[in-house]
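Structure, as structure tokens:
Just so it is clear, none of the values below were taken in a lab; they were calculated from the coordinates. Given the structure is predicted, the values throughout are model-derived calculations rather than measurements. Cβ atoms come from the backbone with ideal geometry, glycine included; neighbour counts cover every protein chain shown.
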Amino acid sequence: MKKLLAMFMAVVMMTGFAACGTGDDKGNKEQIESAAALLTAVWETYGEEDMFAAMGGGGSETAQLVDGAPGKFETGSADMLDYSLGLPAASASKIDDAASLMHMMNANTFTCGAFHVAKSDDVTAVADSLKENIMKRQWMCGFPDKLVVITVGDYVVSFFGNEQLVNTFKTKLTAVYQSAEIAYEEAIM
């Protein structure tokens with residue numbers, strides 16, 4: 001009986017150790033359907049106390065704007081990507097999907113763009129170009145406090161504006177996507 005119990009315990013322990021090696025490592029298995037889905041997953045974690053008047057989408061005359069949520073941003077116009085989300089025109093050819101979330105009253109209060117980079121090798125270059133382009137802007141109608149650029153796999157997410165809104169979004173994004181890596185977090189001066 002003791003041998004049987006010992007063998008049973010050994011099997012249980014081996015199963016437990018094997019399970020440790022095959023656990024769900026969320027950071028390596030995150031599947032993101034689209035840039036809009038990425039932002040929506042973060043936005044849906046907001047409680048009423050953290051939400052702000054927001055809209056998403058756009059990018060062209062025919063693109064549908066979404067009231068109160070993120071939306072798909074058309075990638076056909078490099079000028080609109082630059083003007084609205086801070087993605088420089090030279091980097092527009094490196095992305096194949098985009099989404100936005102903006103404060104409804106003033107884009108300098110909060111603007112977020114999520115971009116799917118077509119080639120994994122270009123993720124760092126897109127993140128760098130976003131940071132450089134946003135930091136060198138001439139601001140009108142309010143001055144954003146802070147810029148954060150985060151990578152999540154083949155996605156680059158940049159957001160700037162009021163420090164409290166930026167910090168809240170950063171906290172929620174990194175909680176939803178454990179593989180998120182902060183590329184830049186800087187005060188805008």
Here FRET efficiency (C-beta to C-beta, M51 to A78, R₀ 45 Å, nearest 0.05) is 0.90
Give me the net charge for the shell around G161: Cβ to Cβ below 10 angstrom, other residues only, Lys and Arg +1, Asp and Glu -1.
-1
What distance in nm separates the simple spin-label points at A89 and D67, each placed 7 Å from Cα in the Cβ direction?
3.4 nm
Assuming 0.36 nm per residue, please report the length gained on full extension of the stretch I182 to D96 beyond their Cα-Cα distance.
28.8 nm
Give me the Debye-computed log₁₀ of I(q)/I(0) at q = 0.16 Å⁻¹ for segment 33-187, equal point scatterers on Cα only, no solvent, two decimals.
-0.78
Restrict the search to segment 29-84; then list the chymotrypsin sites (Phe, Trp or Tyr not before Pro) that DSSP places in a loop and that have at most 14 other Cβ atoms within 10 Å of their Cβ.
Y46
Between T124 and R137, with labels modelled 7 Å along Cα→Cβ, what's the label distance in nm to one decimal, could you check?
2.6 nm
